[in-house]
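Please treat every number below as a calculation from the coordinates, not as lab data. Everything quoted here is computed from the prediction, not taken from an experiment. Cβ placement follows ideal geometry from the backbone for every residue including glycine, while neighbour counts extend to all protein chains displayed.
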Amino acid sequence: AKSVSISVEGMTCSSCVQSIEQHLGKMNGIHNIKVSLEDKNAVVIYDSKLQTPVTLQEAICDMGFDATLAD
Amino acid sequence: LQKHEFFVDMTCEGCSNAVTRVLHRLGGVNFDIDLPNKKVYIDSEHNVDTLLETLKKTGKNASYLGEKSAQ
Ligand SMILES: [Cu+2]
Ligand SMILES: [Cu+2]
């Protein structure tokens, strides 16, 4: 499993955090996800055969948040 | 003019911003968001199924309430 940190802009409360955690948690190949409102990021542990940092970033963008990959 | 009325379980501005973004991304929509009442009014060339699917991308509960005539 690999880990990636994704910056997420646009979250304002804990329900934003929860909806991202729940939504990504349902995707294939996600082992763990921790979203932080304060740090404005999502740390995802994923199976690299099923997901890539870009597919994870896009999944968050599709939900209407601004997600970017730090390099 | 008829608008489609949807319920979207929004709790804060983060939620309504997320709804705004997914609708903008879809394109071809005119919409108003009533955050306190958890309603989204959409006038669009897209059909109801497409609109509902787009709203659900935010990860929030959403349902179609019907047509509403707008002033
Ligand atoms: Cu929120
Ligand atoms: Cu919210």
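Table: residues versus (1) free of Cβ contacts under 8 Å to residues at least 24 places away in the same chain; (2) more than 15 Å from ligand 2 (Cβ to nearest atom); (3) of a type in the set (Ser, Thr, Tyr); (4) under 23 Å from A:Phe65 (Cβ atoms).
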position	(1), (2), (3), (4)
B:Asn17	yes, no, no, yes
B:Thr20	yes, no, yes, yes
B:Val29	yes, yes, no, yes
B:Glu45	yes, yes, no, no
B:Glu53	yes, yes, no, yes
B:Glu67	no, yes, no, no
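Just name the residue that is surrounded by the most Cβ atoms within 10 Å (Cβ to Cβ) out of those in segment A:26-59 that are more than 10 Å from chain B (Cβ to nearest Cβ) and within 12 Å of B:Gly59 (Cβ to Cβ). Taking the candidates together, the pick is A:Val35.
Against the numbered list (1) buried (at least 18 other Cβ atoms within 10 Å of the Cβ); (2) within 15 Å of ligand 1 (Cβ to nearest atom); (3) not small (Gly, Ala, Ser), A:Thr12 comes up short only at (1).
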